[in-house]
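Asks: Take this structure first; my questions come after.
The values are calculated or read from the model by the stated rules, or taken from the named source; none is laboratory data. As the structure is a computational prediction, the values presented were derived from the model and not from experiment. In this analysis, Cβ positions are derived from the backbone assuming ideal geometry, glycine residues included, and neighbour counts consider all displayed protein chains. Side chains are part of the model used for accessible areas, which takes the heavy atoms of the whole protein and leaves out ligands, DNA and RNA. Shrake-Rupley method; radii C 1.70, N 1.55, O 1.52, S 1.80 Å.
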Amino acid sequence: MPLVISSNTYKAIGVMSGTSLDGIDICYCIFKKINQEWQFDIVAAETIKYSDEWYVRLQNAHSLSAEGITKLDFEYGHYLGQQISFFISKHRVDADFIASHGHTIFHNPDNGYSLQIGKGAAIAAQTGLPCIADFRSGDVSRGGQGAPLVPVGDKHLFKDYDICLNLGGIANLSYDSPAGKRLAYDICVCNMFLNHLASMAGFEFDQNGELGRNGIVIDDFLNILESLSYYKKSSPKSLGKEWFEKNIIPLINNYHEESVENLLRTAYEHISKRIADDSKRLKKKNIFITGGGAKNLFLTELIKQKSNLDVIVPNEKIIDFKEALIFGFLGVLFLEKEKGALASVTGANEDSIAGCLYF
């Protein structure tokens with residue numbers, strides 16, 4: 001297994017599994033440093049949908065025993081390694097290293113812990129390539145949220161946009177302060193909320209927002225959502241699946257007699273209002289939207305309507321693979337011994353190099 005040395009060009013495989021369990025995003029990209037600025041090219045990218053078995057295993061992983069989670073950590077690492085190996089063979093990839101986010105099982109940084117499984121050692125053993133993984137632990141150990149980590153990529157790779165908004169399982173944004181410091185935080189749950197409601201009607205997700213578009217806002221449900229204490233907290237702050245299960249699902253259950261369309265319409269109103277209100281406070285001109293939610297026409301329409309910002313939705317490859325791309329870039333920063341976890345974003349007591357290297 002070759003040792004990766006510092007270079008102006010890196011060939012990286014970035015791997016991401018989000019909280020919404022859409023699948024594994026694998027992105028082969030080439031990073032080049034030109035005139036002290038990093039540029040990228042996505043050469044090949046693919047989303048590998050989870051089998052029903054893996055979906056259920058990951059969905060229920062938080063309820064496993066300590067031994068069960070440890071076993072799953074290794075098994076999932078080997079599974080990721082197998083999928084990456086198939087990807088390498090299919091696309092004839094010649095990569096220097098793999099950078100894998102893993103799949104989040106627990107995220108409770110306020111109590112000092114966060115867990116992403118998918119053992120980096122197993123990925124390295126399976127693929128024969130060095131693997132950088134466990135990107136959040138160092139920051140959490142320094143008192144930070146361990147999230148979001150994507151903003152360092154926004155700052156280097158997407159600096160032309162005022163606000164970078166990711167609409168994944170959780171909606172988060174990043175931007176530069178007037179002093180040029182990168183700031184970011186999780187705004188609210190997004191696809192996690194919408195997909196849960198769509199599943200109540202037998203759908204995997206709400207295609208283009210059409211179910212929600214046909215509903216009516218439930219005013220008292222919206223008012224309760226808007227009053228949740230998380231929104232009164234100042235950043236840095238982050239959300240996880242546990243927060244959704246504790247704070248949102250019981251509210252949904254209180255409205256079980258309402259139609260799914262009305263519940264979805266209320267969720268869209270809430271999500272778009274949270275995003276628009278926070279964006280307007282920043283007094284910026286444009287907002288760059290990626291993540292699965294960027295394909296939801298109804299949601300992006302509402303954000304544009306409520307924020308009055310110039311909404312920029314890029315090509316599908318960037319929408320789908322920006323996070324995997326940036327975890328590949330975090331691998332580059334690790335190898336360059338540059339800080340990938342920013343204290344200004346996470347609230348840690350210092351910036352830190354993110355990740356652990358396995359051979």
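Asks: Subtracting the Cα-Cα distance from 0.36 nm times the residue separation, let me have the gained length for K337 to S177 in nm, one decimal.
Replies: Numbers: separation 160, 0.36 × 160 = 57.60 nm, distance 2.46 nm.
Gain on extension, K337 to S177, equals 55.1 nm.
Asks: What's the percent breakdown of Cα-Cα distances in the stretch 68-120 across 10 Å bins, shortest bin first?
Replies: 23, 42, 25, 9, 1
Asks: Going by the alpha-carbon gyration tensor, a ≥ b ≥ c the square roots of its eigenvalues, is the stretch 1-114 rounded (a/c under 1.5) or, if a/c is not under 1.5, prolate (a/b greater than b/c) versus oblate? Display every interim value, and only then the final one.
Replies: Details: a/c = 2.22, a/b = 1.67, b/c = 1.33.
It is prolate, given that a/c is not under 1.5 and a/b is the larger ratio.
Asks: OK, next. Modelling each spin label as a point 7 Å along the Cα-to-Cβ direction, I'd like the N349/Q59 distance in nm, to one decimal.
Replies: Output for this residue pair reads 4.2 nm.
Asks: Leaving ligands, DNA and RNA out of it, report the carbon-plus-sulfur percent of the accessible area of the stretch 205-359 at a 1.4 Å probe.
Replies: On the way: 3340 of 6960 Å².
Answer for the stretch 205-359 is 48 percent, counting heavy atoms of protein chains only.
Asks: Now for a separate question. Could you grab the relative contact order for the stretch 13-119? Cα pairs under 8 Å, six or more apart, rounded to a whole percent. Walk me through the numbers before you get to the answer.
Replies: On the way: 147 pairs, mean separation 31.5, N = 107.
So the answer I get is 29 percent.
Asks: Right, here's the next one. Run the quick spin-label model on M200 and K317: label points 7 Å from Cα toward the beta carbon, then report their separation in nm to one decimal.
Replies: Placing both labels 7 Å beyond Cα along the Cβ direction yields 3.9 nm.
Asks: Using the Karplus curve 6.51 cos²θ - 1.76 cosθ + 1.60 with θ = phi - 60°, what ³J(HN,Hα) values do you get for each residue of the stretch 229-241, in whole Hz, with x for Gly and Pro?
Replies: 3J(HN,Hα) across the stretch 229-241, in whole Hz: 5, 4, 6, 8, 6, 7, 7, x, 7, 8, 10, x, 4.
Asks: Separate question: Between L251 and T70, take the C-beta separation as r, use R0 = 25 Å, and let me know the FRET efficiency to the nearest 0.05. Please list the in-between numbers first.
Replies: Values: r = 34 Å, r/R0 = 1.35.
Approximately 0.15, to the nearest 0.05.
Asks: Could you pull out the pairs from K280/K317; K33/K339; K181/K285 whose alpha carbons sit more than 20 Å apart here?
Replies: Details: K280/K317 28 Å; K33/K339 16 Å; K181/K285 18 Å.
Cα-Cα > 20 Å for K280/K317; rest within.
Asks: Still on this model: When ranked by the protection proxy of mean other Cβ atoms within 10 Å per residue, highest first, what sequence do the peptides 281-289, 320-328 form?
Replies: Working: 281-289: 16.0, 320-328: 27.9.
The densest-packed peptide leads the list: 320-328, 281-289.
Asks: Roughly speaking, what is the stretch gain from K280 to I30, that is 0.36 nm per residue apart minus the C-alpha to C-alpha distance, in nm to one decimal? Before the final figure, lay out the partial values.
Replies: Details: separation 250, 0.36 × 250 = 90.00 nm, distance 3.49 nm.
Full extension from K280 to I30 adds 86.5 nm.
Asks: Need one word for the stretch 294-359: rounded, prolate or oblate. Basis is the Cα gyration tensor (sqrt eigenvalues a ≥ b ≥ c); a/c below 1.5 gives rounded, then a/b vs b/c decides. Walk me through the numbers before you get to the answer.
Replies: Details: a/c = 3.79, a/b = 1.88, b/c = 2.01.
Verdict is oblate for the stretch 294-359.
Asks: Sticking with this one: What's the Cα-based Rg to Rh of the stretch 185-300, Rh via Kirkwood? Write down the numbers at each step before the final one.
Replies: Working: Rg = 13.9 Å, Rh = 14.7 Å.
Across the stretch 185-300, the Cα-based Rg/Rh ratio is 0.94.
Asks: Let me ask something else. Go ahead and collect, in residue order, the members of the stretch 292-320 whose backbone nitrogen is under 18 Å from a label point 7 Å along the Cα-Cβ direction of D160.
Replies: 310-320
Asks: R0 = 51 Å: FRET efficiency of V43 with D219, Cβ-based, nearest 0.05? Display every interim value, and only then the final one.
Replies: Numbers: r = 49 Å, r/R0 = 0.96.
With a Förster radius of 51 Å, E is 0.55.
Asks: Let me ask something else about it. Can you give me the accessible area per residue for the chain, using a 1.4 Å probe, in Å²?
Replies: Numbers: 15470 Å² over 359 residues.
Solvent-accessible surface per residue comes out at 43 Å².
Asks: Another one. Where Rh is the Kirkwood radius over the Cα pairs of the chain, the temperature 37 °C and the viscosity 0.692 mPa s, what D in µm²/s does Stokes-Einstein return?
Replies: Details: Rh = 20.6 Å.
For the chosen part, D equals 159 µm²/s.
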